Amino acid sequence: MAKRKTTLKVIPFENRGGSYSYRVSGTIIGKRVQKNFATQAAAEAFLSELVGAANQEESYRVTTTLFPTDPLLREAESAYAKLTGAAPSASLLKAVEFYLAHNCTELVAMGAVDAVDDFAKERASRGNRQETIDVGTTVLKAFVRKAAMKTTAEMTLEKFREFAQDTAVAVRTRRDRRDLLCNWCEFLVARHAMIENLAVKLPRLEVEYAEPVILRLEQAKKLLEIAAAYPGHKGLPAGSMLPYFSICLLSGIRPDEATRLKPDWSDFTFEKGIITGFRPKTTRARTVVMLPSLQKILEHCKSKGLRPGFFSKSVFDRTRKQAGVFDSWPNDVLRHTYASHHYSVHGDIRFLEKNMGNSEEVLHRSYINQRVLADEGKALLEFVPEKLSVAGARSDLTTQMYDSFGN
């Protein structure tokens, strides 16, 4: 450490009565000294004692700290005080070793919104589905807004905990938020925008899955009957959403997959009874086998010039209301209904894995309701609406539709 000057000396001075005293005055190792003695010998003895003690202290400090300057020593002492104050059993050496292991390069703070956008681009480059990327981007930007963060340097475990463990949302949503934050933090650590993945410190919640909700046989049949009888409305052709409802209900195709089917029917090979040309949640395309009943419905729809993926929110809602299922329509209810009825008849989980693009575990856990009886399953899988065409005289059902929709 830098040597500090010693200026101690013995100074004689005359008292008012004519006698002499001796003062030890000056500085030693940064401390001011001034003390009077009656004799010169006593003053010199005190000075020698001070110098000896100072030499011992300096020698101890040099051999035990090895800090080249006092400011560095003060910094180390401050770091030690902070560490022991936050975690009394912690070791300063271990803290330094952790830093060196996880932060060999300087952290580079990123704008929080930019960090979300960069994460989305990285996911896109890996071939993730755009729909999944868009949902994740929306969730992360909502987190950034709620946490009022400008840069990644402002991220804390408490902010992650507040967002991922918000009891105002469902358990599954909390689990998904936690997983998304983990993936994002992993990306930021790789970019040297974070020292460690804080989100992994949050517990991953276990989701209790309830019995899958499905449409009962009569509800499903009525839905297709009404879709087939739906009148031409505001420029839309009659039965405009029959392809959508029948494809989702009788093949298990996801709603968003159905809406992406090509309007020219080129995704359908009726000679082989298959549907192709779309991608599920993974990057691999799959082929869906059509039931004979579905093929008959879709051949009719094609002959009428209907589009296979047509979707109208107003037609969708009105059809469900007329069928009495509007208030009991959970997400993917048509897929659940198809899987449950098909399994009740055939018990072929391998076929459903291939046709629906889900694993056996997911199918049993989230899709198949085993209360469906085999005769109910057979009735649905073979069902074709009684009146596929609404041309000519109206049926009683068609008349009800017109009256209900105010046409």
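The values are calculated or read from the model by the stated rules, or taken from the named source; none is laboratory data. On a predicted model such as this, the values are computed, not experimentally measured, just so you know. Counting neighbours? That spans all protein chains shown, and the Cβs are built from the backbone with ideal geometry, glycine included.
Among (1) out of contact with any Asp or Glu (no Cβ under 6 Å at 6 or more places or on another chain); (2) of a type outside the set (S, T, N, Q); (3) in a loop (DSSP other than H, G, I, E, B); (4) in contact (Cβ under 8 Å) with a residue 40 or more places away in the chain, which single condition is Lys272 missing?
Of the numbered conditions (1) out of contact with any Asp or Glu (no Cβ under 6 Å at 6 or more places or on another chain); (2) of a type outside the set (S, T, N, Q); (3) in a loop (DSSP other than H, G, I, E, B); (4) in contact (Cβ under 8 Å) with a residue 40 or more places away in the chain, the odd one out for Lys272 is (4).
Within region 254-269, can you find the residues that are in contact (Cβ under 8 Å) with a residue 24 or more places away in the chain, assigned to a loop (DSSP other than H, G, I, E, B) and charged (D, E, K, R)?
Arg254, Arg260, Lys262, Asp267
Could you list, in sequence order, the residues of region 374-407 that are part of a loop (DSSP other than H, G, I, E, B), at pLDDT below 50 and buried (at least 18 other Cβ atoms within 10 Å of the Cβ)?
Across region 374-407, the qualifying residue is only Val390.
Can you tell me which residue in region 249-258 is nearest to Leu291 (Cα to Cα), limited to those that are of a type outside the set (Gly, Ala, Ser) and modelled with pLDDT under 95?
For region 249-258, the residue satisfying everything is Ile253.
Do the conditions hold for Ser246, that is, is it farther than 30 Å from Ser125 by Cβ, hydroxyl-bearing (Ser, Thr, Tyr) and in a loop (DSSP other than H, G, I, E, B)? Give the steps one after another, and end with the answer.
Numbers: farther than 30 Å from Ser125 by Cβ: yes; hydroxyl-bearing (Ser, Thr, Tyr): yes; in a loop (DSSP other than H, G, I, E, B): no.
Spelling it out, it is not the case that Ser246 is farther than 30 Å from Ser125 by Cβ, hydroxyl-bearing (Ser, Thr, Tyr) and in a loop (DSSP other than H, G, I, E, B).
Of the conditions (1) surrounded by fewer than 16 Cβ atoms within 10 Å (Cβ to Cβ); (2) modelled with pLDDT of 90 or more; (3) at negative phi, Ala148 satisfies every one except a single condition; which number is it?
(3)
What are the pairs with Cβ atoms under 7 angstrom where one residue, in region 108-129, is at pLDDT below 95 and the other, located anywhere, is assigned to a loop (DSSP other than H, G, I, E, B) and among the β-branched types (Val, Ile, Thr)? Sequence gap at least six, or different chains.
Taking only residues 6 or more apart or on different chains, the pairs are Gly127/Thr283.
Of everything in region 215-240, what is in a helix (DSSP H, G or I) and of a type outside the set (Asp, Glu)? Give them in sequence order.
Matches in region 215-240: Leu217, Gln219, Ala220, Lys221, Lys222, Leu223, Leu224, Ile226, Ala227, Ala228, Ala229.
Among what's in region 123-142 and is part of a helix (DSSP H, G or I) and among the polar types (S, T, N, Q), pick the residue that is surrounded by the most Cβ atoms within 10 Å (Cβ to Cβ).
Thr137
Among the residues of region 345-373, count how many are among the acidic types (Asp, Glu) and part of a loop (DSSP other than H, G, I, E, B).
1
Test each condition in (1) under 30 Å from Arg365 (Cα atoms); (2) outside any loop (DSSP other than H, G, I, E, B) for Thr167 and report the one that comes out false.
The number of the failed condition is (2).
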